[in-house]
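These notes are about the structure you will find just below.
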Amino acid sequence: MAHVTNFNLDQKFDFTAALKKTIMMVGGIGAILLVIGIFTSMGGDSHGGHEAAGHQTEHVAAADDHGDAHAAEAGHETGGHDEFHWSKRFFANLWINNVYFAGIAIIGVFFFAIQYAAQAGWATAILRVMISFGNWLPFAAIMMIVTYFIAGHDLFHWTHHDLFVKDSGHYDSIIDGKGGFFYWPLAKGSFPIFWVARLVIFFGLWIFFFNKLKNLSLQEDINGGDSYWYNIRKWSAIFLVIFAVSSSISAWDWIMSIDTHWFSTLFGWYVFASWFVAGLSSICLVTIMLKERGYLEMFNENHLHDLAKFIFGFSIFWTYLWFSQFLLIYYANIPEESVYFLERLNSDKYGAFIFVNIILNFVLPFLVLMTRDSKRHTIFLKVVCTLIIIGHWVDFFLMVQPGTLGHNGGVGFMEVGMFLLYGSVVIMVVLTGLSKKNLIAKNHPMLEETYHHHI
Amino acid sequence: MERDTNFILGIYDDEDVLKDAVTKVRESGVKIHEVFTPYPVHGLEDVLGYKRSKLPIAAFLFGMLGTCLALTMQVLMMSVDWPMIIGGKDHAPLPDFIPVTFELTVLLASFGMVGVFMVSSNLKPWAQPRIFDLRSTDDKHVMAIDIAHNANIEETKIKELLQTSGASEVNNKSFE
């Protein structure tokens, strides 16, 4: 059996120039693809106009099936957005990645807090990896707020003032009924102070708890003793309660409000599950990367097994929520609910991605990660985690694009480029944060338990 | 099946001594019948050289059986025997079948797993378990060595080996 003295507890992650170069290269490829994507959609303006016309007729046909409420919405959409501009697609992409990577960042802090709240010892070696994801949070907050103020009008239907004016011709009684959720206490259709305040407060709280937990953990390195552990556990418990509420509400705010008419009661959980699986996969990939570079000697296949079990289990959890949402809507077949899935399944742009989503996020992890061996070997996990991260990006793509871009969306150069560029910036920030401090919480009272973890 | 009746028991007080002893005994060519411990000892299966259980494979196969059974049952009932249209869906609405399929998969996987475990561990209700030493349920680790299986090695040598490997007692045990 190994003992404390056998391990180097003062190791620090050396963010080498070679690694930085690789990440920058991926980001560069992303940037090039993004520019190509922008140019191709700029050139296709006339084509885009044609598509918008097709979109209009389809919407009218759909309106016949689904009653007046939808007809009003369709009429408004086609009336207000005949011209399609490439920037709209750019901002929709930005929003997808904003929400996706903000989620992965907060999941790092969340999983850190879970270890303390559950008094778990197995993951002590990778606590610093988890918490380092929070380094992205301040950037995510800025990106989201800026994107909202530049492109909120393109992304969110409810920002249009005339929806709330009774004789404007675009009056929408359903959105008017929900207006307070965005605009309270100001007049509906003015500045959505309640919505923006929630965005700011949630990020403020998340960043506060990230810093609090990180600093306590760093002080433990210096002073030792188990009082820090109790203190972190207390703050973790408070954070988890706040996160439970804020993660749900942020999912309604940032994603569900895109399809303003539509609602789903488990949407908050569904988005959280998507974030959680993607976050766990990211934690797993970073850990494997560190391990291959010779860090974290005490993290062996037993710990990897546990981490992979989380990925396996929560992939199924995500599927459970996805399917629960789908089945009830499919079964009841109420027009204002089923329009959400019709918009996706009947579209030649999005229809296939529904199945890509299910295959990448359920079938593949379920079948591959089922055996013990695949959970204990990095080669399987590298493949599966990468595919899960792509798969959950597709999930967010399917949540955001149909409601914002309709027929003008799809996966093209712009989507792939933006994902690569954005992702590599996030990795840069996270790894820079990780390299700044000790890689292992060396005075954590449960380190000994980690060494002997055996399953 | 006739069971062997004569055993040598090594009684150990400490799990680390036990694990070292198991390694030593196996290296000297003596076959160990079984080791009884009052609580699960991590790493004991490894030093005993036990292979991993094949129970998960049985669970998977029973689960697949449940999936197939459930889907067949529902399709035959709802689409072939008495086709029904519910909520304007097709005769074979696959999403509607998923909850029942899931339940039957879980049910058969778990029942099948329990059944296979009972059979493979000889846990039939009327089975008479053999108790080698009552103290293995309290605070002693008991290593049982089958004399008939180690006929090529003298009994005294086995006893001596157990003594030197750290056993606090070495006893003989016979069943009727």
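The values are calculated or read from the model by the stated rules, or taken from the named source; none is laboratory data. Note that the structure is a prediction, hence the values are computed from the model and not measured. Counting neighbours? That spans all protein chains shown, and the Cβs are built from the backbone with ideal geometry, glycine included.
Tell me which of these B:K89 doesn't satisfy, since it passes every other one: (1) farther than 30 Å from B:D14 by Cα; (2) within 21 Å of the chain's Cα centre (by Cα); (3) surrounded by 12 or more Cβ atoms within 10 Å (Cβ to Cβ); (4) not aliphatic (A, V, I, L, M).
(2)
Quick check on B:L61: is it within 26 Å of A:F366 (Cβ to Cβ), touching a residue at least 60 places away in the same chain (Cβ under 8 Å) and either outside the structural domain of B:D146 (by TED's automatic domain parsing) or of a type in the set (A, V, I, L, M, F, W, C) (or both)?
No: the conditions fail for B:L61.
If you take the residues in region A:359-382 that are over 17 Å from A:A278 (Cβ atoms), outside any helix (DSSP H, G or I) and not hydroxyl-bearing (S, T, Y), which one is nearest to the other protein chains (Cβ to nearest Cβ)?
A:M370
Criterion first (charged (D, E, K, R), farther than 28 Å from A:F353 by Cα, away from chain B (no Cβ under 14 Å) and touching a Leu at 6+ places or on another chain (Cβ under 9 Å)) does A:K442 satisfy it?
Working: charged (D, E, K, R): yes; farther than 28 Å from A:F353 by Cα: yes; away from chain B (no Cβ under 14 Å): yes; touching a Leu at 6+ places or on another chain (Cβ under 9 Å): yes.
Yes, satisfied.
Test A:G417 against the stated conditions and say whether it is on the phi < 0 side of the Ramachandran plot, buried (at least 22 other Cβ atoms within 10 Å of the Cβ) and at pLDDT 95 or above. Give the steps one after another, and end with the answer.
Values: on the phi < 0 side of the Ramachandran plot: yes; buried (at least 22 other Cβ atoms within 10 Å of the Cβ): yes; at pLDDT 95 or above: yes.
So A:G417 passes the test.
Answer yes or no as to whether A:D259 is touching a residue at least 60 places away in the same chain (Cβ under 8 Å) and more than 22 Å from A:L127 (Cβ to Cβ).
When the stated conditions are applied, A:D259 passes them.
May I ask you to list the residues in region A:291-320 that are within 25 Å of A:G121 (Cα to Cα) and within 14 Å of chain B (Cβ to nearest Cβ)?
Answer for region A:291-320, where residues must be within 25 Å of A:G121 (Cα to Cα) and within 14 Å of chain B (Cβ to nearest Cβ): A:N300, A:E301, A:N302, A:H305, A:K309, A:F312, A:I316, A:F317.
Which condition does B:H149 not pass, out of (1) more than 20 Å from B:D4 (Cβ to Cβ); (2) at pLDDT below 90, if it passes all the others?
Only one criterion is unmet by B:H149, namely (1).
Which of the residues spanning region B:63-83 are out of contact with any Pro (no Cβ under 9 Å at 6 or more places or on another chain), within 14 Å of chain A (Cβ to nearest Cβ) and either of a type outside the set (G, A, S) or surrounded by fewer than 16 Cβ atoms within 10 Å (Cβ to Cβ) (or both)?
B:M64, B:T67
Would you be able to say whether some residue in region B:111-133 is within 30 Å of B:L161 (Cβ to Cβ), among the β-branched types (V, I, T) and more than 14 Å from chain A (Cβ to nearest Cβ)?
So far as region B:111-133 goes, yes, one or more of its residues are within 30 Å of B:L161 (Cβ to Cβ), among the β-branched types (V, I, T) and more than 14 Å from chain A (Cβ to nearest Cβ).
Does A:V394 satisfy the condition of being in a helix (DSSP H, G or I), away from chain B (no Cβ under 13 Å) and at pLDDT below 95? So that I can check it myself, show each step before the final result.
Numbers: in a helix (DSSP H, G or I): yes; away from chain B (no Cβ under 13 Å): yes; at pLDDT below 95: no.
In short, no.
Pull up region B:92-110, narrow it to residues that are within 14 Å of another protein chain (Cβ to nearest Cβ), surrounded by 15 or more Cβ atoms within 10 Å (Cβ to Cβ) and aliphatic (A, V, I, L, M), then point me to the one that is farthest from B:Y39 (Cα to Cα).
Across region B:92-110, the extreme among qualifying residues is B:I98.
Name, by its number, the condition in (1) farther than 30 Å from A:A332 by Cβ; (2) away from every other protein chain (no Cβ under 14 Å) that does not hold for B:G43.
Evaluating B:G43 over (1) farther than 30 Å from A:A332 by Cβ; (2) away from every other protein chain (no Cβ under 14 Å) leaves (2) as the failure.
Can you tell me which residue in region B:102-145 is modelled with the lowest pLDDT, limited to those that are among the hydroxyl-bearing types (S, T, Y) and assigned to a helix (DSSP H, G or I)?
Per the stated criteria, the residue is B:S120.
Those residues that are in a strand (DSSP E or B) and either closer than 19 Å to B:P38 by Cβ or over 27 Å from the mean Cα position of the chain (by Cα) (or both), I need them from region B:146-169; list them, please.
B:E169
Go through (1) out of contact with any helix residue (DSSP H, G or I) (no Cβ under 9 Å at 6 or more places or on another chain); (2) in the same structural domain as B:S110 (by TED's automatic domain parsing) and name the single condition B:E45 misses.
(2)
Of all the residues that make up region A:16-47, how many are modelled with pLDDT of 95 or more and assigned to a loop (DSSP other than H, G, I, E, B)?
Number satisfying all stated conditions: 0.
Would you pick out the residues in region A:429-455 that are β-branched (V, I, T) and within 23 Å of A:H305 (Cβ to Cβ)?
Listed by number, the residues that qualify are A:I440, A:T450, A:I455.
If you take the residues of region B:129-176 that are touching a strand residue (DSSP E or B) at 6+ places or on another chain (Cβ under 9 Å) and among the small types (G, A, S), which of them is surrounded by the most Cβ atoms within 10 Å (Cβ to Cβ)?
Here the answer is B:A167.
Considering only region A:205-222, state which residues are out of contact with any helix residue (DSSP H, G or I) (no Cβ under 8 Å at 6 or more places or on another chain) and under 20 Å from A:G121 (Cβ atoms).
Within region A:205-222, A:L218, A:D221 meet the criteria.
Go through region A:321-358 residue by residue and tally those that are away from every other protein chain (no Cβ under 11 Å), within 27 Å of A:C385 (Cα to Cα) and either crowded, with 18+ Cβ neighbours inside 10 Å or in contact (Cβ under 8 Å) with a residue 24 or more places away in the chain (or both).
Total meeting the criteria: 11.
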